Every structure is written in structure tokens, then in C-alpha cells.
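Here the structure comes first, spelled out in C-alpha cells, and everything after it is commentary.
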């Protein structure tokens, strides 16, 4: 039986029509890096960006601004600023149940002093307002965040201000009870600026930075440790940790990471092998530059995969990678030459969440 010509035409044009329906993603209203990002799928696909640092990369360029991107229109809307007397860097965020949860980060004063905060701010998009959650028991910044069972939010390791060093704590926030619990600590070296996510009951995190055991020059170096944790189905505070082999490419700092439920993968993109302060200059005194490598951990095969060794226009200084039907989205960050960008980039095509 012959297929009618008009049916063939419709089939061949369908992908083009779908592509035409996808709006171009506008850049952020202003360049920002080290911003907390989250994606909400409750009613409309929306991306959120909170705080971060502007192009001057100085203490007074740190923002408490907030923005929302509607993926159906590709346009940004400015939101009410995050509460607090100053903007923050290295905070973490997660969105679900029509709320966005924003954790920790640090503030910088005019003399360069850095203070990690215990703040938990919860944004309600429908009302454009924030309310305060229970403080983080051990304040952290540059932590890995993951969501489990659409209820528990994990803060894994990170820099803790009161102790002045990275901590091995795994802190679990119960969003139903506004209560914190302590989970099984990480068994490896405590780090900050590492990257990872939770997929199902599995935590995967990699790299980050830690104090140089050989001395103060440079003060911090990149970690090459990769870990996987299995969360107990009976008790969310019980985690069985195991070490993973090295991932593709060099050990890196502030990689963007995010999980794809549909593909059973946790993706990693960008970052740098030269840990740095908020201005993009490494602790070794050399400018940090972003890596072009994008890779993934396949949860089905328990193996690393190289997605691209030459990701176009790579970036670093990220707090998350957002997995959408259009690909892996990076919001802001630092490009080559430590340039803070407003760009909303799609790192790789994917079949979505």
C-alpha cells in the first residue's frame, strides 16, 4: 500500500515544526556567576537563578538578585531579591512542590572576609515571596545538593565557615517537617566546590578542592576522588558509600552537574582543574580556565561516559546543571578569560528528564 504524499510531508515536517515551536532562550538580564540554580516542573517549566557575582568579580559585585526563566516563552522575569543584608556566593537550590529551597552560601565584606551562612530561604513563585526555613546545623557553602523522594534535600560535604575548612557532614533537610537530620558522613576527603546529584536512591559526587597537604602554596588543590552512596530505603540517614574509578578528564572544581531520570545518567560539564577564589584567579596565582569536557555517569551500567571532549564555549563556576527536553542547560558562569557571562547555554542534546 502506498503512503499518501501529504502524510509523508507531515511526517517529514513534524521535527521542523517542533523545533520552530521551541523559543530561543534569552540571556540573563545581567551577567552572573556562581549563582544558585534550580528547575521547577510543577505546572510550567521554569528555571530559577539566585544571587551570584557580577562582571567586576569584586565583593561589591555580589548580588542578592533573583530571576525566573519561562522555558515556554524563553523570557526572564525579575523576582523579589533573596532576603539578607548582602548577596551570597556558592549557595545551592532545589525546586519542587511549587517552592524553591535555597541553602547556605557565603558573604564577602569590604576587607575580603568571608562568612558562611546557615540561611534556608524558601521562595514561593505563585506569591513572589520568601519564608525562612530551619537553619542549617553546620553552615555550608560550595556543597553538593540532591533531592530524594521529593521530600528530603541532602547537603553533601562543603565548606563550613565556623570550622574554617571543608566538612564531611551529610545534612538532610526534611521539607515536610522543616527539620534537619545528620546522615552517614562521606568516607573520603572533605571537599568544597565538588559536583554531583542524586538519582533515585543513589548519590554520585566527584572532585572539588581541599587544603593542600603539602603546604600553603597553593593553599587548595583539586581532589580526584569520585564517590557513590546508596541511601537506605528504610532510613534516609543511612548511606552506604563506595569509591568510584576516576571520571574522564582531569580532576576539576565547580563543575556543573545534574541528573536525567529518563536517561538514568548524571551529567557533568565544565569546571576547571585550577581551584580559584571568587575572582577566577587560582590559589596558585594563575588564572583559572574552563574545561571543555562533558561526561556522565551511567546508572544502568555503573560506568563513566565521555559525552564531548570539546564542548563549545565551555564555562566554570557553576552551582548546577539543568536537564530539560532541549538539552543540558547552563545558566551564567565564567567563560574563557574569567569573563562572567549572562549566557544560557545548551551543552548537549538530550531526551529530557
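Numerical summary
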| item | result |
| --- | --- |
| Answer from 108, 170, 144, 117 - the residue that is crowded, with 20+ Cβ neighbours inside 10 Å, on the phi < 0 side of the Ramachandran plot and in contact with a helix residue (DSSP H, G or I) (Cβ under 6 Å, 6 or more places away or on another chain) | 108 |
| Boolean, residue 221 is assigned to a strand (DSSP E or B), more than 18 Å from residue 239 (Cα to Cα) and touching a strand residue (DSSP E or B) at 6+ places or on another chain (Cβ under 9 Å) | yes |
| Of residues in region 329-353 being at pLDDT below 95 and assigned to a strand (DSSP E or B), the one farthest from residue 199 (Cα to Cα) | 345 |
| Qualifying residue in region 48-56 (condition: surrounded by fewer than 17 Cβ atoms within 10 Å (Cβ to Cβ) and modelled with pLDDT of 75 or more) | yes |
| Test result for residue 267, under 17 Å from the mean Cα position of the chain (by Cα), in contact (Cβ under 8 Å) with a residue 24 or more places away in the chain and not in a strand (DSSP E or B) | no |
| Checking residue 64 against (1) under 25 Å from residue 43 (Cβ atoms); (2) assigned to a strand (DSSP E or B), the condition it does not meet | (1) |
| Residue count for region 164-200, restricted to those that are outside any strand (DSSP E or B) and either in contact with a strand residue (DSSP E or B) (Cβ under 8 Å, 6 or more places away or on another chain) or free of Cβ contacts under 8 Å to residues at least 12 places away in the same chain (or both) | 15 |
| Residues being under 18 Å from the mean Cα position of the chain (by Cα), part of a loop (DSSP other than H, G, I, E, B) and in contact (Cβ under 8 Å) with a residue 60 or more places away in the chain - total across region 276-324 | 7 |
| Among (1) without any contact (Cβ under 8 Å) to a residue 12 or more places away in the chain; (2) out of contact with any strand residue (DSSP E or B) (no Cβ under 9 Å at 6 or more places or on another chain), the one test that residue 22 misses | (1) |
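The values are calculated or read from the model by the stated rules, or taken from the named source; none is laboratory data. Everything numeric here is computed off the predicted structure, so don't read it as measured data. Note that each Cβ is placed from the backbone with ideal geometry, even for glycine, and that neighbours are counted across all protein chains shown.
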